[in-house]
Structure formats: C-alpha cells, structure tokens
1. Can you tell me the FRET efficiency between Arg47 and Asn153 if r is taken as the Cβ-Cβ distance and R0 is 22 Å, rounded to the nearest 0.05?
2. Can you sort Ser118, Ser174 from fewest to most other Cβ atoms within 10 Å of each residue's own Cβ?
3. So if we plug the beta-carbon distance of Met163 and Lys106 into 1/(1 + (r/R0)^6) with R0 = 41 Å, what FRET efficiency do we get, rounded to 0.05?
4. Listing Val75, Val56, Val82 from the residue with the fewest other Cβ atoms within 10 Å to the one with the most, what is the order?
5. Taking the Cβ of each residue in Thr117, Thr48 as the centre, tally the other Cβ atoms inside 10 Å and list the residues starting with the fewest.
6. Give, in nm to one decimal, the length gained when the segment between Asp141 and Ala18 is fully stretched (0.36 nm per residue of separation minus the Cα-Cα distance).
7. So, in nm, how far is label Lys38 from label Gln180 when the simple model puts each one 7 Å beyond its Cα toward the Cβ?
8. May I ask for the percentage of alpha-carbon pairs in the chain that lie more than 27 Å from each other?
Amino acid sequence: MQINIQVAQPEHAVHAPAICDLMAESAKARGTGIAKRKPDYLEEKIRTGKAVIALVENELAGFSYIETWSHGKYVANSGLIVNPKFRRLGLARKIKKAVFELSRQKYPDARIFGITTSLAVMKINSDLGYRPVTFSELTQDDAFWAGCSSCPNFDILTRNERMMCLCTAMMAPSANEERQMKIDLSDMIVES
Ligand SMILES: CC(C)(COP(=O)(O)OP(=O)(O)OC[C@H]1O[C@@H](n2cnc3c(N)ncnc32)[C@H](O)[C@@H]1OP(=O)(O)O)[C@@H](O)C(=O)NCCC(=O)NCCS
C-alpha cells in the first residue's frame, strides 16, 4: 500500500466535506471536544497551500492544516485526522512532521502550538520538539479560543478564565528562535 503525503493542492478541495465528516465522527467516538470546521474553511486552507493531505490512490487517509494567530506571531497545526482504516501505521507522525515543516517554512518567526487531550499527539509533538506550557503562554487571540466553543468542555475553560482546561498545551520554538539557540550553543565554550 502506497500512502502519498503532500502539501494539499487546489484539486484536493473536493475532499473537504469528507475531512469534516471524519473529524465529526472521530470527535463523537472519542466523546471529547474538537473545534468544528466547515468544508468551506478547509477548502480555503487547501487552496492557499496551508494544509497537508495523505491519500491512498484517491481515498482520503489523513489531513492537517495551519492556522495563524496574533498577526502571525503564533501558528497552530490543527485538525489532525487519520482515517480509522489507516491508523497505527505511523501516518499521523508523518503528517504532523510535514505540516510542522511547512509551518516553519511559511512562518519562520512564529511559535508553533497545539492543545490536545490525545496521547498520540502528545508523543508526536514531544518528538518534534514541543514542550508542555501553561495556557498563559499561548496566543490570547479571541478567534483561537472561540474555536473551543463547540467543545463539550467549553464551560470548564470559561470558568477558569482561559487559564486551564482538560487539554494539555504544547509549544515549539519558531524556526528562527531554534536557529538562534543553536548558534548560541555553538558559541559556548565549556572549560574542564
Ligand atoms: C490521533 C490520531 C491522529 C493518531 O493517528 P495514527 O496515524 O494512528 O498515529 P501514529 O500511527 O502516527 O502513532 C503515533 C504515536 O501515537 C501512538 N498512538 C496512536 N494512537 C494511539 C492511541 N489511540 N492511544 C495511545 N497512543 C496512540 C502510537 O503508538 C505512536 O507512538 P509510538 O511511535 O511511540 O509507538 C488518530 O487516532 C485520529 O485521527 N484520531 C481522531 C482525531 C484526533 O484525535 N485528532 C487529534 C486531535 S488533537
């Protein structure tokens, strides 16, 4: 079986309704919250080169897209979904890596963050260099938090004034911050 993972192209916009259905079915099965997305929204991500799609022949295998917040200061890699038929094959790991690299290439000054209750996502994020952070470190852009309003736990988030909820927040440095950290480390002289 050959799984093709690529930056989504305009012709992939036809898959947007199936992606939305898959997201809704998975959220229902998990009984957890997810920011609901409409096909139009995903189509726009696809048409503007801000999404990664995985296909097996012409069948949808997985998807994720980029969102920018606080005027491009932060990027979130959102909507990660793998078709149940293709789970546990390492596909989410590959899609996440591809969308992470695309984010860093398009927005080299943006920190990349996500909020999740998924162990699989926590593992993948850690391996990509994300670290757990408190919600106070994340974008305070109201538009991002409005995405949580379709989650069954939204009352917990609002009761805690957006400081905590059931999701774990994780963040990776921007491409330029990481480059700077490497330069600083190479300048360091360790005397023994
Ligand atoms: C979460 C999801 C994307 C994982 O996709 P996947 O392709 O099966 O994941 P991978 O095969 O790449 O696995 C990545 C890692 O997570 C682990 N993992 C995968 N599914 C897991 C699960 N349900 N529970 C615990 N660990 C899991 C794998 O063992 C692997 O870890 P390892 O490399 O240390 O062995 C997929 O189950 C899915 O689409 N779920 C519904 C939507 C969702 O939860 N999205 C995330 C929203 S934040």
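1. 0.10
2. With the sparsest Cβ surroundings first, the list reads Ser118, Ser174.
3. It comes out at approximately 0.85.
4. Exposure proxy ranking, most exposed first: Val56, Val82, Val75.
5. Thr48, Thr117
6. That pair, Asp141 and Ala18, stretches by 41.4 nm at full extension.
7. According to this spin-label approximation, the distance is 3.9 nm.
8. 29 percent
Each reported figure results from applying straightforward, stated rules to the coordinates on display, with no laboratory input. Predicted, not measured: the structure shown is a model, and the values here were computed from it. Using ideal geometry, Cβ is built from the backbone for each residue, glycine included, and neighbour counts are taken over all protein chains shown.
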